[in-house]
Amino acid sequence: MKTSNPFITFVIPVYNEEGNLLWHYEQVTSFAKERSLKYELVYINDGSRDRSLEILKDLCKKDSNAHFISFSRNFGKEAALTAGLRKAKGDAVVCLDGDGQYPLETVDTFLEEWRGGAQLVIGVRGVNPTETIIQRLGSRAFYTLLKFLDSQQEVVSKSTDFRLIDRRVVDEFNKLTERNRVARNLMDWLGFKRVYVPFNALERYSGVASYSFKKRLKLALDGMIKHSTAPLKFIGILGMLVSFLSILAATLLIVEKYILGDPLGLAITGTAILALLLSFLVGIVLVCQGLLALYLENVYHETQNRPLFIINEEE
Ligand code: UDP
Ligand code: MG
């Protein structure tokens, strides 16, 4: 199946990409044709507000290899990828971005690795020319934290949605029922034979990235909460640490003030100590409550059992 003429599905989420679609379509089709691949394109219109859907419909009318799903509103890239993977019929799926930031030459390496037996070939990001310093520092901090919190799971920082997924993995992925999801982390959880391939993200052909700081933060939190209970354990450790420090501080103060008779001349009043301690503890309690709320929210969404996305049109 892999060596002869494999069938490849390109899954491409689209959110306000009117300026990129045709250009990107040309790129992908000529890529596939040059390599005589059997292929299909699955576009997911994630509630675009520009002319993306019109352009997609037009493309699909002209090219029988192109298909699209159109959501009833913007559900986010994770939902779009999920929808695309469910629709994909290929022996392997290659996930691309509609803005052309993922270089197609790297797909050659993906295919090579796949033919060599890899079931999940993951693109690992090098330099992203459009990434700001804050975004870069933010993602580095996030991965460091994730690694610190969760030593069980293999987390390769800078791994992206740019990847090739074997049919076996796609089938297993499609069985997962989580509502609130980060596709790439779920795939990490699945296991299978993985290979990481470094690449340098290109500049967007046109338009601006639609991932706002808020969306990125949500993705980071989702990634942490959906895939480990380590933060819950962290609360426990934090609590113990705080109690220990309070006891230590109290002991030192009692010794300094009452037993040694305040040799340092600190003249600490009991009220001051109490106030300090109270505000400190209230802070800790609030942090813990916030974390619990996040988990509760997750449970809430899972039990609501809503569909991940609503399809308005499909072809
Ligand atoms: N995207 C999407 N839904 C969204 C936001 C983005 O389907 O709500 C798509 C977008 O069209 C693009 C890809 O996801 O194909 C990556 O988005 P973007 O370029 O905005 O993010 P970045 O390149 O910064 O990761
Ligand atoms: Mg982009």
Worksheet entry | Sum of side-chain charges, VAL170 neighbourhood, beta-carbon under 12 Å (Lys, Arg +1; Asp, Glu -1) | +3
Worksheet item: Given a Förster distance of 45 angstrom, what is the FRET efficiency for LYS215 paired with ILE235, based on the Cβ-Cβ distance and rounded to 0.05?
Response: 0.95
Item to complete: Subtracting the Cα-Cα distance from 0.36 nm times the residue separation, let me have the gained length for ILE133 to ASN5 in nm, one decimal.
Response: 41.7 nm
Practice prompt. At 1.4 Å probe size, with every protein chain present, just tell me what the per residue accessible area of the chain comes to in Å².
Written response: 53 Å²
Worksheet item: In this model, which of LYS77/LYS158; LYS89/LYS193; LYS33/LYS77; LYS87/LYS193 are farther than 19 Å apart at the alpha-carbon?
Response: LYS89/LYS193; LYS33/LYS77; LYS87/LYS193
Worksheet item: So what are the three principal axis dimensions of the chain from its Cα atoms, in whole Å, longest to shortest?
Response: 89, 41, 38
Practice prompt. Return the distance in nm (one decimal) between the two label points of a simple spin-label model at ARG86 and ARG140, each offset 7 Å from Cα along Cα→Cβ.
Written response: 3.9 nm
Discussion item. Can you tell me the length gained on complete extension of the stretch GLN304 to LYS38, counting 0.36 nm per residue apart and subtracting the Cα distance?
Written reply: 91.8 nm
Discussion item. If you build the convex hull over the alpha carbons only and average its shadow over all orientations, what do you get for segment 45-98? Give it in nm² to one decimal.
Written reply: 3.9 nm²
Discussion item. How big is the dipole moment of the chain about its Cα centre under a simple scheme where the beta carbon of each Lys and Arg is +1, that of each Asp and Glu is -1, and everything else is neutral? Debye, nearest 20, please.
Written reply: 360 debye
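The values are calculated or read from the model by the stated rules, or taken from the named source; none is laboratory data. Note that the coordinates shown come from a computational prediction; the quantities given were computed from them, not determined experimentally. Heads up, the Cβs are rebuilt from the backbone with ideal geometry, glycines too, and the neighbour counts pull from every protein chain shown. Remember, those area values only see protein heavy atoms, side chains included, never the ligands or the DNA or RNA. Shrake-Rupley method; radii C 1.70, N 1.55, O 1.52, S 1.80 Å.
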